[in-house]
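For reference, the structure is listed below as structure tokens.
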Amino acid sequence: MTSVLPLLLALPFLMAALIALHGRLSRTAAAWLAGAAPLLGLVLLGAMTPAVLDGAVLRQSWPWLPQIGLEATLRLDGLAWMFAGLVLGIGALVVLYARYYLSAQDSSRRFYSSLLLFMGAMLGMVLSGNLLLLMVFWELTSISSFLLIGFWSHRRDAREGARMAFVITGGGGLALLAGVLLIGRIVGSFDLDVVLASGDLIRGSALYPWALLLVLAGIFTKSAQFPFHFWLPHAMAAPTPVSAYLHSATMVKAGVFLLARLHPALAGSELFFYLVSGIGALTLLVGAWNAIFQHDLKGLLAYSTISHLGLITLLFGLSTPMAVVAGVFHILNHATFKASLFMAAGIIDHETGTRDMRRLGGLRRLMPITSTLAIIASLAMAGIPLLNGFLSKEMLFAEALATGGPQWMRTAMSSAALLAGILGVAYSLRFVHDTFFGRGPVDIEVVPHEPPRWMKVPVEVLVLICLAVGIAPALTVAPVLHAAAQSILGAAMPAYSLSIWHGFNLPLAMSAIGVAGGIALYFGLRRHTDLYAARNRAVGKQMFQRGMDALFGLAQRITHALADGSLQRMLLALVLVAVIVAAAPYAAAPAWPAWPAAQPMPLLGWVLWLVMLACALGGLFLYRQRLLAVIVVGGSGLMVALAFVFLSAPDLALTQLMVEMVTLVLMLLGMNYLPAQSPPERAPWRKRRDALIAVVAGGGLAALAYAMMTLPPNTVAGEILQRALPEAYGRNVVNVILVDFRGFDTFGEITVFGIAALVVHALLRRSRMAPEQIMPGPPVKLPVPADLAQIMFPLTLTVSIFLFLRGHNAPGGGFIAGLVLAVPLLIQYVIQGTASVESRFGFDYVRCIGVGLLIAVLSGMASMLFGVPFLASGHLDLYLPLIGELPLASAMGFDTGVYLVVFGGVMLILSMMGTVKPSRTRSARHGEIDIHRRSARTGEMH
């Protein structure tokens, strides 16, 4: 059964990739594919439901770095099962709703792929059985929500809302990471089962207050608790399907999920009680009060979400068993009525063209079905009997009255709960009255009418759930609530009755006072104030913008102080910092290594060293003649490659040789935009200063290199040599290190390399030179025929494939093969010019980088399916007719990703250096440049 967990998590990501990579999907096809992920996920979740309801905890784990407690563990208990059901169930309804909400001008591929990425991130977070893995998905929710909130990037409010949400939640994520690391230090493990069982150890540690504060910072920012609540209303610039999903089952629920998840480990102290319940109560009231004075339907619902999140936080802060049960129950109830309300608001906006309640009114006559659904959901939000919101509100009143601690705390919590009930009824009543009753609509250009049939189905389903839970809670939601709450409380799970009627008691009286007080407050405000004239001052937004402006101003001042446009000054600072950092340990504790006696060097070694020295000195004295200096420096790199050959390191020699060739071409392309000669150095003292720094830095590096090369032979190298063939199935130890033993490092390196190439592309793709400076042809006239350069390509392709295939057992590999394939194309760029090459060789370098990274990730994850660590090698011997035995290593898949990323990155950088103008392609028919066609390098339109 546990084997289903990886597939459950992978479904949204696989469908997101399928939709994103399919270039010709219709809107309906994209919606079908997007809906298939949550529906299939619900089927898989249903298969595990009996075991979870019986109290089982399903786990599946793959070792990663078990020495530091890092394992990829998926864990499904009652709480994770409940949240996974919310994420998938409401996600399926949102996909259906979005099919009719999005216009034909909106990119359905981009929307659904981002939505599924969001869905997968939330699923990964709730299913994580390791705190470090949870952090990965936690940050992925921030990134994916940034993409969704800013989906309408042409709107300024969408861009600002996305940035605000990302900065606030991203900052909280950094705090949460620090808190998680402290918890791991206290417990000695990041495994969730171990952490949840170590509550006494955590609370008894001197680090507990810091860990608690840091974790709560992440929770409060994610779930929009005071004073971080201001980002949530500005996230309403997102399309309404995103708002409905974000407020009900994802993003903002991530914080309260983590609060519930870590409750056994962190709750139980006075600090937790006062901090969490106090912030929750304050957020509950601030959100409810502000909701009354909103004029935008989604704005009112956003502040009501803030209020209800505060209610949930307050209940978990009280920490009594029944308060925890009530908190979990309200998570379920809020998800259903809030998703339906947002969808109803989207329907109103879709059919009237406005969400401004000052222009709405009387819609019950024009849109009777939508009005009925929205009114029922609003009554559930207000906590009216026979609806689900009433039950959890009653629990809130009961737990507030039973608050422990001093009497003033009980009085404060009870008063806050009662006042929140009054305000909740007031803003729910304004939503209903100003939208569906009274005169109106006003100043609307269209005649409102009911939406398409299937656009109402998600709202109908959710409203039906609100009614069913409110009328028969024991038959509908009781098993779900019990399983989720028991996974938090364990043996402390209380006995309770989930029914509509508990007799005449004080919580019921508080509910009646809340309803009557809310009605009186709303109509009193209408009579004695002008609600329509109320101005919504975005104090939080203004403070955020001032903070960001101050931060950018500080960064600008620091940048101007350090980087004044002088490359020499920047290099000087870089080298000085490197020298200081490297010398600091020796200055603090002087200890010179015991170097062994040097081995005698043969004559060939002396010759290579002298030529290398001559080239280095030649570059120093010929620096003003740039072309000659580049050639001389290239000679120095060639000598380094020959030195590697001399030292029996063929892999390093090949890599150095290829890098040297690519670097030489890069310099030649760059020289096209520089003067022929460098300006003379004017100050002699600068030469002496630079010479001194160069001698110190170079001498230090030489000493470090000598110390490393003269280490005793009984180091890690001996172990790697012994394990390479039997464990990684490769005789080429260098390649085995890159794709297996340190494969994750290599993956990080190719990721950085790909990002660097994309940054170069972003910086140069719209750069223009003056018309008289645009490169008409080759930047440097080389005595090489163009036909010879074209003939070189198939030959070099053959060599590249040969080096790639033999790389696991002989000198070669993906990195070298990628560089080899790039060399003939780069030579053609230099000889014939960019436009000529790209007219014949159309290749999307950006997509090449992306495909390479995807292949690298998938090949690494494939090993985890067999219970071995990420990127661990597997081996298979195939016998093919006429060919014979063919040994295959799984590392070849990862090496394929390296191959594509290196080739695509190098070509993207070099081709951009060869243009410095917008990407263009040559027409195949007439040979002219057509700026409206798709770029061969990037696939973009210009």
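Looking at the stretch 157-268, the helices (runs of 4 or more DSSP H) lying wholly inside it that each contain 2 or more residues that are within 30 Å of TRP64 (Cβ to Cβ) sit at 192-196, 199-203, 208-222, 252-261, 263-266. Screening ALA762 with (1) at pLDDT 80 or above; (2) crowded, with 19+ Cβ neighbours inside 10 Å; (3) among the small types (Gly, Ala, Ser) gives one miss only, at (2).
Remark: pairs (first residue in the stretch 25-49, within 18 Å of PRO479 (Cα to Cα); second residue surrounded by fewer than 19 Cβ atoms within 10 Å (Cβ to Cβ); Cβ separation under 9 Å; 6+ apart in sequence or on different chains) = LEU45/VAL4; ALA47/MET1; ALA47/VAL4; MET48/MET1; MET48/THR2; MET48/VAL4; MET48/ALA56.
Within the stretch 427-441, is there a residue that is assigned to a loop (DSSP other than H, G, I, E, B) and under 36 Å from the mean Cα position of the chain (by Cα)?
no
Would you tally the residues in the stretch 268-283 being surrounded by 23 or more Cβ atoms within 10 Å (Cβ to Cβ) and either among the β-branched types (Val, Ile, Thr) or modelled with pLDDT of 95 or more (or both)? Adding up the residues that qualify gives 2.
For every residue, the table says whether it meets (1) modelled with pLDDT of 80 or more; (2) part of a helix (DSSP H, G or I); (3) farther than 18 Å from LEU666 by Cα; (4) under 30 Å from the mean Cα position of the chain (by Cα).
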| position | (1), (2), (3), (4) |
| --- | --- |
| GLU727 | no, yes, yes, no |
| ILE737 | yes, yes, yes, yes |
| ILE750 | yes, yes, yes, yes |
| GLY754 | yes, yes, no, yes |
| MET769 | no, no, yes, no |
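Counting the residues of the stretch 541-565 that are of a type in the set (Gly, Ala, Ser), modelled with pLDDT under 85 and surrounded by 10 or more Cβ atoms within 10 Å (Cβ to Cβ) gives 1. Do we have ILE331 as touching a residue at least 40 places away in the same chain (Cβ under 8 Å), farther than 23 Å from GLY310 by Cα, among the aliphatic types (A, V, I, L, M) and assigned to a helix (DSSP H, G or I) here? Spelling it out, it is not the case that ILE331 is touching a residue at least 40 places away in the same chain (Cβ under 8 Å), farther than 23 Å from GLY310 by Cα, among the aliphatic types (A, V, I, L, M) and assigned to a helix (DSSP H, G or I).
For the stretch 122-154, the tally of residues that are within 11 Å of the chain's Cα centre (by Cα), crowded, with 22+ Cβ neighbours inside 10 Å and within 17 Å of VAL180 (Cβ to Cβ) stands at 3.
Do we find a residue being within 26 Å of the chain's Cα centre (by Cα) and of a type in the set (Val, Ile, Thr) anywhere in the stretch 287-295? Among the residues of the stretch 287-295, not one is within 26 Å of the chain's Cα centre (by Cα) and of a type in the set (Val, Ile, Thr), which makes the answer no. Six or more apart or on different chains, Cβ atoms under 6 Å: show the pairs whose first residue is in the stretch 341-354 and without any contact (Cβ under 8 Å) to a residue 40 or more places away in the chain and whose second is part of a helix (DSSP H, G or I) and surrounded by fewer than 19 Cβ atoms within 10 Å (Cβ to Cβ). Once the first residue is without any contact (Cβ under 8 Å) to a residue 40 or more places away in the chain and sits in the stretch 341-354, no partner that is part of a helix (DSSP H, G or I) and surrounded by fewer than 19 Cβ atoms within 10 Å (Cβ to Cβ) comes close enough.
Restricting the stretch 26-76 to residues that are of a type in the set (Lys, Arg) and part of a strand (DSSP E or B) leaves a set whose member that is surrounded by the most Cβ atoms within 10 Å (Cβ to Cβ) is ARG75.
Scanning the stretch 513-527 for any residue that is surrounded by 11 or more Cβ atoms within 10 Å (Cβ to Cβ), modelled with pLDDT under 90 and part of a loop (DSSP other than H, G, I, E, B) turns up nothing. Go through the stretch 469-499 and give me each residue that's part of a helix (DSSP H, G or I) and surrounded by fewer than 16 Cβ atoms within 10 Å (Cβ to Cβ). Scanning the stretch 469-499 gives ILE471, ALA474, LEU475, PRO479, GLY490, ALA491, ALA492.
Kindly establish whether MET251 is crowded, with 23+ Cβ neighbours inside 10 Å, in contact (Cβ under 8 Å) with a residue 40 or more places away in the chain and on the phi > 0 side of the Ramachandran plot. Yes, satisfied. Looking across LEU53, LEU9, LEU14, one residue alone is in contact (Cβ under 8 Å) with a residue 24 or more places away in the chain and either under 22 Å from the mean Cα position of the chain (by Cα) or closer than 13 Å to LEU123 by Cβ (or both). It is LEU9. Does PHE316 satisfy the condition of being in contact with a helix residue (DSSP H, G or I) (Cβ under 7 Å, 6 or more places away or on another chain), farther than 19 Å from GLY424 by Cα and in a helix (DSSP H, G or I)? So PHE316 fits the description; yes. Against the criterion of being over 27 Å from VAL857 (Cβ atoms), in contact (Cβ under 8 Å) with a residue 24 or more places away in the chain and out of contact with any Phe, Trp or Tyr (no Cβ under 8 Å at 6 or more places or on another chain), VAL736 does not qualify. Every listed requirement among (1) buried (at least 21 other Cβ atoms within 10 Å of the Cβ); (2) at pLDDT below 90 is met by PRO406 save one, (1). None of ALA417, ALA400 is in a helix (DSSP H, G or I), assigned by TED's automatic domain parsing to the domain that holds HIS330 and modelled with pLDDT of 90 or more except ALA417. For beta carbons closer than 8 Å, sequence separation of 6+ or different chains, a first residue in the stretch 620-646 that is free of Cβ contacts under 8 Å to residues at least 12 places away in the same chain and a second that is surrounded by 18 or more Cβ atoms within 10 Å (Cβ to Cβ) and of a type in the set (Val, Ile, Thr), the qualifying pairs are LEU622/VAL632.
Per-residue answers, yes or no, for (1) touching a strand residue (DSSP E or B) at 6+ places or on another chain (Cβ under 7 Å); (2) small (Gly, Ala, Ser); (3) buried (at least 22 other Cβ atoms within 10 Å of the Cβ):
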site: THR313; (1), (2), (3): no, no, yes
site: PHE337; (1), (2), (3): no, no, yes
site: ALA344; (1), (2), (3): no, yes, yes
site: ASP349; (1), (2), (3): no, no, no
site: ARG358; (1), (2), (3): no, no, no
site: MET367; (1), (2), (3): no, no, yes
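Note on the stretch 737-753: among residues that are out of contact with any Leu (no Cβ under 6 Å at 6 or more places or on another chain) and within 12 Å of VAL902 (Cα to Cα), the one that is surrounded by the most Cβ atoms within 10 Å (Cβ to Cβ) is ILE750. In the condition set (1) of a type outside the set (Ser, Thr, Tyr); (2) touching a residue at least 12 places away in the same chain (Cβ under 8 Å); (3) over 25 Å from ASP296 (Cα atoms), LEU423 is compliant with all but (3). Of ILE384, ILE444, all but one fail to be β-branched (Val, Ile, Thr), farther than 30 Å from ALA474 by Cβ, assigned by TED's automatic domain parsing to the domain that holds ASN333 and in a loop (DSSP other than H, G, I, E, B); the exception is ILE444. Looking at this structure, is ALA583 loosely packed, with under 10 Cβ neighbours inside 10 Å and over 31 Å from the mean Cα position of the chain (by Cα)? Against the criterion (loosely packed, with under 10 Cβ neighbours inside 10 Å and over 31 Å from the mean Cα position of the chain (by Cα)), ALA583 does not qualify. Restricting attention to the stretch 91-137, which residues are under 17 Å from LEU70 (Cα atoms) and assigned to a helix (DSSP H, G or I)? The answer is GLY124, MET125, LEU127, LEU131, LEU132, LEU133, LEU134, MET135, VAL136, PHE137.
The values are calculated or read from the model by the stated rules, or taken from the named source; none is laboratory data. Bear in mind the structure is a predicted one, so any value in this text is a computation, not a measurement. We place every Cβ from the backbone using ideal geometry, glycine too, and count neighbours over all the protein chains shown.
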